[in-house]
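The values are calculated or read from the model by the stated rules, or taken from the named source; none is laboratory data. Worth saying up front: this structure is predicted, and the values here are computed from it rather than measured. Using ideal geometry, Cβ is built from the backbone for each residue, glycine included, and neighbour counts are taken over all protein chains shown. The accessibility values were calculated without ligands, DNA or RNA, using every heavy atom of the protein model including side chains. Shrake-Rupley method; radii C 1.70, N 1.55, O 1.52, S 1.80 Å.
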Amino acid sequence: MSNKEVKAALKSAREAINNKEFKEVLKHCKAVLKLEKNNYNAWVFIGKAASELEQPDQSQAAYRKAVELEPEQLLAWQGLANLYENTDQWDFKDELPNVYQKLVELYAKTDKTKSYDLIKKLSDIYQSDREYLKLAKVWLQLVQLKEEEGVDKKELVQLLQKMTHLLSDCIGDEEQDNETQQHLIKAFEKAMILTEPVPGEEHKKLSADYIKCLSKLPHEESKMKEACQSMSSAYPNQTYPLDVLCSHYLKTNNMDEDAVSCFSRLLEMAPNSGLGHLGLGTKALLEGRYKEAVDDLEIGVKKMSSATGWCSLAEAQFKIHRHSDSAASCSQGLNVCTTQDKELRDKLLRLKLEALVRSEGEQAASQALETFSQITEAEKDPVLLALKGRAYLNKGQTDQSLKLLSELEVSNPNLPQVLALRGLAHVAEGQLQLAEQSFLQATKQTPDSGEYFFFLGKLYWDMGSETRRDRSKTHTHLLKAAKLDPHLGCAFRYLGHYYREVANDVARAQGCYRKAFQLNSGDAESGAALVDLSMGQGDMDSALATLESVTEKATPGSAKWAWMRRGLYYLKVGEHQQAIADLQAALRADPEDWVCWECLGEAYLNRRSFTAALKAFGKAHQLQPSSIYSVYQAAAIKQTLGKFKEAVDEYLQITTQQDYVPALKGLGECQLSLAKSLMEDCRDGGAIDLIQQSIHNLFRAVQLRPDLSCLWKLLGDACTAVRVVAPSRAQVVVPTLLSGFDSSAQDHTLNQAQTLKAGERCYAHALKLMPEVASLWCDLGLNYYHQATNSPRPTDEHQNSLNLEKAQQCLKKAIQMESGNYSYWNALGVISMSRGLESYALAQHCFIKSIEVEPNNVVAWTNLGTLYLKKDNIELAHEAFKIAQSLEPLYVNCWIGQALIAERVGSYDTMDLFRHTTELGTHMEGVKGYAYWVCSTLLDKSNRDSELYHYNIVQMNAISAAHVALCKYTERIQSDPDAFIMLGYLNEHLQLKRQALQAYQRAVELLRSSSSSEVLVFSLGSCARALCNSGQWEEAVQVYKSTQLQDLSDLVGLALAYCRAGLYPESISVYERALAVTSSEKEKAYILTALALLQHRQGNLDSAKTLLFKCSVLKEPIPESLLCLCALGLVHSDATLAAAALTELLKQGSASGGVVEQRCLLTCSLLALQGNYSAVQREASRAVHSNPGNPSLWALLSRVIPQYYPRKAQGGAVAGHIACLFSMTQGKRALLCSGVNQVACGRHTGEDPRRNALKTMQKAVLLCPDDPATWAGLMAACHAENTSCYLSGSAPRRHSLEHTLMSVVSEKVRSVEETERPLTKALESWVLQQAVSGLMQQGQLEQAEALCTQVLNVSPEHPAVMLSLTQVQCQRLLMTGGGTVLTEQVLEQLNKVVMMNPTNLGAWHWLAEVYRSQGLLVQAVMAYRQSLQLALQLGAHSFQIASLLRLALLALGPCMAGVPGNEWKDLVMEATTEVLKLGSSPMALLFQALLQYVTKMTARETRRLLERSVYVSSDDFPVTVVQVASWYLLRHLHAKNDQELINVLLQHAKMNGNQRLLDFYTELTSSSS
């Protein structure tokens, strides 16, 4: 092939490359290579084609061949670069930098831009591969190219900066050679030369980077210093070069003059520089200036944490014996120390160990042992082992220390540290002589150790007083220790002890303590001693300055001694707030210091912060139970706060242990205060007991300190306090010495007058001790006054007058001594007004003087008003009382005065005013006035419907309020018959029968000795009435007969008493006698009604009707007669009479209150009598809707629903719940009715765990535990729960309760009233049957039979028990044989037993079931018909429905079995139709549907009837009815193959959760397929 052909082939190859036909390229190139083996273009084209065909190795070989042929040609190198870039092979990547380098050289001659790009790529590769030397050379090459190109300096500087930035990472790499670092330094130097201007920001930044670079190169120290000096010269305000230099000096531990100068210059420029402080601190440490070193180093390490800095700080702190701080610094240093710096770490551990050992304390010792374990090869170092031994000693592990010491003594017997350890061990063992020898040897071995001399001096101090006084021992060695180690503060402290206690040189002691405290501000002992000495010398300023210097630096929870002393100082000078703050700070340091708590309590007390003081003293007592002071102060504070009961308990803690006079005094005061508070509430019995205790405790105090006037005064107050109570109550047992009687007995009982006389003697004794105290004269005068006014013998007028004159003279004496005391003037005025003196002018003068002395004097204004009222000056009295009210609206006496004025003038506000006095407090005058007005209002029956009556009596709860107040009155004033009459009347209104009788009897007793015959007759009548109310009929008759029997009320009361006593003829006779004295037609009607009731009681029905008819034709008929007539008709089943009477009763207009309930009950009873059972529920509901706020109607509705309309039992339960919410009285009974309704509607715990019959019955039992019906209801609820468990397949949880509940019911039945006995007997019978049913349900037939037999032993002829026994025996007979056929004799016996219980509907049902089980369906039908007839006779609506449904179910059985004939079908239809006539019944509808299903299974009527029982609300139809109807409807639809309706039915079943129907459908479809 010619040259032309070669060119043509290459051309074709190039075209094929453009067309991406790379195989053609290879074909053409191979043809060329056959002719020209070294054709450059052909090899390049092959490389390109092979690369595109993903043949990288062939491509590389081709390019390599081309490069060999033409090394300076670009094309092959470019192809090779592209191949390496696009191929992910490690060998290609390794070769890529070489290719780039070659291309850089080739492009440098032709295209510099591409050369720069390739250099950038090379830079990235070298940087990622960390080949810094090649990276440096590449960048130098780039810089060189840029210089050749002639770029400006700025661009060159940027390139050099980028180069230095890239190469900075290699500085810390130890593998890098020096050549790379030199390239970097040259780059920095060249950049700094080219950078302009100088100085400038870029030059400054570059200089800082250059210095930073040099600082990382230890061998370039000179250049670094030169660069730092250059930068400092150029930029004198920059601290960076100084920082670098200081850091360098610290690392190299170079502390020459240049270094110190550098540190100083740095601190001048940056006072907060950590490096500067660290440098100066290290220099100070080397020069022995330890305190300065600590100060600088502490600042330094705070600014920058450095291991060497912490180490230096720890050394400095150790030198000045701040061992705890030194150990903490070592810990900080270890935290920042790197693992590579083993030498520094070991040094820190050793220093920490030594510091912890010298810190002493168990915790520090534990840390020291832990530190010892961290030191490498510590077990080989005897010095460290000696320190370990001292750590054991500090921890209290002497045995461990001795064991270690024995090992050390073998290897190093003369080592000073070992000798010192031996001495310390001897001290720990108490062998002080041996310790002395060891310490002496240690001081000989190390004569320059101040620590060992201190050990020896301290030992001599501890050895006793002789060695302390020996100057050559204690003093000499402590002084030697102080000289050898001037920083050893403990040596100066013990020197201070020596000078204070031995030498008695206070000045030197003060100096030594001051020196010790200056050396160690944490030395609490030295500081406390220094402050105590300063205070002892009277230098309070110096002491306070010392304390403030400590407290200013103290951290929370430290420096307790300083805070404590400063707090006591402030407490002493009266700055209580500051004292509290300081004592609180002291307690933060030691919360268990009970003395500090007491001081804090004292400070709070002085500040009047009683609650806080109480807590402080309580804490002190908790910490120190034996401290009496804290208990006394707590009691005193409670007394101040008025918590007298708690104060008494606190005082008793002290007085039961010892006779502490302040505690006895406080105890007596508190008991007297409690007595006064009880007397304010008229609880006089308790008050007398407290007064008696107070007298005894105060007398104990007087015996201990008879010289204290205050104790005698308190005794007088206690004795005088009995003036308030009734004389019969005031029987006080006092010590014989105080009573004034000569007796050998320890105590003597005094009456009221004698106790007041004892008080007089106590006041006289107090006056002997302090005759110039005016208050004592006032107390004595008041005592005389009370003796005169409370005299048990009012006939002794002379003695009373004498006491009043004495009282007047005492008060005048008090006024002479202290005329500015308004209470003395007031007391003199009261005494002057009293009966016997009656000096009204003097009294007026005294009251006015009292007001002049104190204008805001409510007592004096009230007394002045009383004076004016007594003199019948109403206007002035009113003004005085009005002013008193304005001064103190809560002062009761002025309100009583206004009430008395209102009573005199006949104001309507009188009752309001008296009531207000009872609200303010218990005052006898106000109580009696209010009670009088309440009783007067109640007696006036004409205003019962007025707003005034409703407000004063009903809304204000006047009866209860007056009753409570009057009880207090009669408790204190027991000689007021009027009060007892009113109390009896109020008790009657409150149905407190026994209390009313007692009150009337007391009134009669008081009136028999008086001349008021009219009031006595009234009281006797009231007493007889109370006897009637309490059931004492014979006694009532006797009391009535003791009166004249002239009033209608007495005659009627006597007739009622005869009636209740069963003496009907006598009662009728008295009622007929009462007819003669009636004054109105209404009274006559009431008596005729009572006579009618008596005639009915005697069986004279016609006479009763005649009398009641006679009542109805009077001019003023009463509803009670119509009520009785209606009830008479209901009792005798005369619906016509009952309806007529009820109609007349309803014509009398709207009723209210209890009358509404009576009318509703009568209407419901009449409807039930007429057989209209559904109307019973409607009538009760109508009454509730008309009167929704009447709880009695809600209770009635709840009661009638389960009996007459059980389908609405759920509503009945709600009605009972509402009645409970309205009224607790009605709610107790309604709760039982609500539970019965819940039983009726099947509400059990499985359905509703919160609201169910069991929980309701349990509440009813809790509220009415004496009601047998509630226990019976509980039994029914438990039976329902067990039945629910049996039906659900679970085990019953409330079994074996029948015996217990039946016995409870029997017990409760015995305590009911006679009138309810018939009902309770029926209840008892039902409970027995229920118990038997429960036992039979549980399968316990033997227990059921035994129960019946047990009852029959007591009541052999009890038909209900015979029936139950027969049922049990029949059940056992049927179960034993499994389908046993009963003989005719047995069936006849069963029939006889049922006939013995003709009214037991359940017995007929049971008999019918027995007949059905024996296949005697006709007899079963007859039994059901008998029960139906009986239910109609008894009016038992629910049993009618039950009998009809059971009859229908019985007849449905043969129909379902396919028995021919229409008899059973007709019976089903007859029974269900009768049920539906009585009301809606889901069960009857289901029976009709099933009958239709049996008769015509596929008929449309069948589907209609079944759907009527399926697609209904679950609230209306029982679930069982719906499910049974659903099954049969499914079978009906399946038979008709109506898949659409089947799907509807299945969807309805899913919505209602009827899974059983879905399962049934699955089985149905599977069986049919």
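Limited to the range 677-699, what total is found for residues that are charged (D, E, K, R) and either open to solvent by less than 10 Å² (accessible area, probe 1.4 Å) or modelled with pLDDT of 90 or more (or both)? Of the residues in that region, 2 qualify.
Screening the range 1540-1569 for residues that are farther than 24 Å from PRO1518 by Cα and assigned to a helix (DSSP H, G or I) and picking the one that is modelled with the lowest pLDDT gives SER1568. Could you go through the range 31-46 and let me know if any residue there is over 22 Å from LYS121 (Cα atoms), open to solvent by 80 Å² or more (accessible area, probe 1.4 Å), of a type in the set (Lys, Arg) and at pLDDT 75 or above. Yes, the conditions are met somewhere in the range 31-46.
Listed conditions (1) surrounded by fewer than 17 Cβ atoms within 10 Å (Cβ to Cβ); (2) under 21 Å from PHE1439 (Cα atoms) are all met by ARG1199, apart from (1).
Residue-wise test of (1) aliphatic (A, V, I, L, M); (2) loosely packed, with under 15 Cβ neighbours inside 10 Å; (3) closer than 22 Å to LEU990 by Cα.
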{"residue": "GLU852", "(1), (2), (3)": "no, yes, no"}
{"residue": "GLY865", "(1), (2), (3)": "no, no, no"}
{"residue": "PHE881", "(1), (2), (3)": "no, no, no"}
{"residue": "TYR908", "(1), (2), (3)": "no, yes, no"}
{"residue": "PHE914", "(1), (2), (3)": "no, no, yes"}
{"residue": "ASP940", "(1), (2), (3)": "no, yes, yes"}
{"residue": "ASN943", "(1), (2), (3)": "no, yes, yes"}
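Of the residues that make up the range 1489-1503, is at least one within 60 Å of the chain's Cα centre (by Cα), surrounded by 18 or more Cβ atoms within 10 Å (Cβ to Cβ) and at negative phi? Within the range 1489-1503, not a single residue is within 60 Å of the chain's Cα centre (by Cα), surrounded by 18 or more Cβ atoms within 10 Å (Cβ to Cβ) and at negative phi. Kindly indicate the residue of the range 561-598 that is open to solvent by less than 30 Å² (accessible area, probe 1.4 Å), closer than 18 Å to SER521 by Cβ and aliphatic (A, V, I, L, M) and also farthest from the chain's Cα centre (by Cα) among those meeting that condition. This residue is ALA562. Scanning the range 1373-1421 for residues being under 23 Å from LEU1434 (Cα atoms), open to solvent by 70 Å² or more (accessible area, probe 1.4 Å) and either touching a helix residue (DSSP H, G or I) at 6+ places or on another chain (Cβ under 6 Å) or outside any helix (DSSP H, G or I) (or both) gives a total of 4.
Out of all the residues in the range 734-755, which are assigned to a loop (DSSP other than H, G, I, E, B), of a type in the set (S, T, N, Q), farther than 21 Å from ARG723 by Cβ and open to solvent by less than 70 Å² (accessible area, probe 1.4 Å)? Correct list: SER743 only.
Of all residues in the range 486-502, those that are more than 14 Å from ASP462 (Cβ to Cβ), without any contact (Cβ under 8 Å) to a residue 40 or more places away in the chain and open to solvent by less than 50 Å² (accessible area, probe 1.4 Å) total 4.
Which residue is least open to solvent (accessible area, probe 1.4 Å), if the candidates are limited to the range 1100-1115 and must be part of a helix (DSSP H, G or I) and charged (D, E, K, R)?
Here the residue is LYS1105.
Candidates are the residues of the range 989-1004 that are among the charged types (D, E, K, R) and within 13 Å of SER1022 (Cβ to Cβ); the one that is most open to solvent (accessible area, probe 1.4 Å) is LYS993.
Of the residues making up the range 644-660, those that are surrounded by 16 or more Cβ atoms within 10 Å (Cβ to Cβ) and touching a Lys or Arg at 6+ places or on another chain (Cβ under 7 Å) number 3.
Scanning the range 812-841 for residues that are of a type in the set (A, V, I, L, M) and farther than 20 Å from GLU797 by Cβ returns ALA814, ILE815, MET817, ALA827, LEU828, ALA841. Just checking, does the range 1145-1161 include any residue being assigned to a helix (DSSP H, G or I), over 23 Å from ASN1190 (Cβ atoms) and either more than 57 Å from the chain's Cα centre (by Cα) or among the aliphatic types (A, V, I, L, M) (or both)? No, there is no match, as no residue in the range 1145-1161 is assigned to a helix (DSSP H, G or I), over 23 Å from ASN1190 (Cβ atoms) and either more than 57 Å from the chain's Cα centre (by Cα) or among the aliphatic types (A, V, I, L, M) (or both). All conditions in (1) open to solvent by 40 Å² or more (accessible area, probe 1.4 Å); (2) modelled with pLDDT of 90 or more; (3) in a helix (DSSP H, G or I) hold for CYS778, with the sole exception of (1).
Being closer than 26 Å to ALA1168 by Cα, buried (at least 18 other Cβ atoms within 10 Å of the Cβ) and in contact (Cβ under 8 Å) with a residue 24 or more places away in the chain, is that true of even one residue in the range 1141-1151? Checked against the condition, which is being closer than 26 Å to ALA1168 by Cα, buried (at least 18 other Cβ atoms within 10 Å of the Cβ) and in contact (Cβ under 8 Å) with a residue 24 or more places away in the chain, the range 1141-1151 yields at least one hit.
With respect to (1) under 29 Å from GLN974 (Cβ atoms); (2) open to solvent by less than 10 Å² (accessible area, probe 1.4 Å), the lone exception for SER673 is condition (2). For the range 72-90, the criterion of being modelled with pLDDT under 75, within 29 Å of LYS120 (Cα to Cα), of a type in the set (Phe, Trp, Tyr) and surrounded by fewer than 18 Cβ atoms within 10 Å (Cβ to Cβ) is met by at least one residue.
Might you let me know whether the range 1068-1082 holds any residue that is among the aliphatic types (A, V, I, L, M), touching a Leu at 6+ places or on another chain (Cβ under 6 Å) and buried (at least 20 other Cβ atoms within 10 Å of the Cβ)? First the steps, then the outcome.
Of the range 1068-1082, the ones among the aliphatic types (A, V, I, L, M) are 1068, 1070, 1074-1077.
From what is left, the residues that are touching a Leu at 6+ places or on another chain (Cβ under 6 Å) are 1068, 1070, 1074, 1077.
Narrowing further to those that are buried (at least 20 other Cβ atoms within 10 Å of the Cβ): 1070, 1074.
Yes, because at least one residue in the range 1068-1082 is among the aliphatic types (A, V, I, L, M), touching a Leu at 6+ places or on another chain (Cβ under 6 Å) and buried (at least 20 other Cβ atoms within 10 Å of the Cβ).
Residue-level check: of (1) in contact (Cβ under 8 Å) with a residue 60 or more places away in the chain; (2) surrounded by fewer than 18 Cβ atoms within 10 Å (Cβ to Cβ); (3) of a type in the set (A, V, I, L, M), ALA1168 misses just (2).
Do we find a residue being open to solvent by 50 Å² or more (accessible area, probe 1.4 Å) and assigned to a helix (DSSP H, G or I) anywhere in the range 635-643?
Scanning the range 635-643 turns up at least one residue that is open to solvent by 50 Å² or more (accessible area, probe 1.4 Å) and assigned to a helix (DSSP H, G or I).
Among the conditions (1) in contact with a Ser or Thr (Cβ under 8 Å, 6 or more places away or on another chain); (2) surrounded by fewer than 18 Cβ atoms within 10 Å (Cβ to Cβ); (3) under 27 Å from GLY685 (Cβ atoms), PRO727 misses just one, which is (1). Determine whether GLN974 is open to solvent by 30 Å² or more (accessible area, probe 1.4 Å), under 22 Å from ASP940 (Cα atoms) and not in a helix (DSSP H, G or I). Spelling it out, it is not the case that GLN974 is open to solvent by 30 Å² or more (accessible area, probe 1.4 Å), under 22 Å from ASP940 (Cα atoms) and not in a helix (DSSP H, G or I).
All conditions but one from (1) more than 29 Å from PHE1018 (Cα to Cα); (2) within 60 Å of the chain's Cα centre (by Cα); (3) surrounded by 17 or more Cβ atoms within 10 Å (Cβ to Cβ) apply to ALA1057; the one that does not is (1).
Yes/no per residue for (1) in a helix (DSSP H, G or I); (2) open to solvent by 50 Å² or more (accessible area, probe 1.4 Å):
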site: VAL702; (1), (2): yes, no
site: PRO706; (1), (2): no, yes
site: TRP712; (1), (2): yes, no
site: ALA721; (1), (2): yes, no
site: LYS757; (1), (2): yes, yes
site: ALA764; (1), (2): yes, no
site: GLN799; (1), (2): yes, yes
site: LYS806; (1), (2): yes, yes
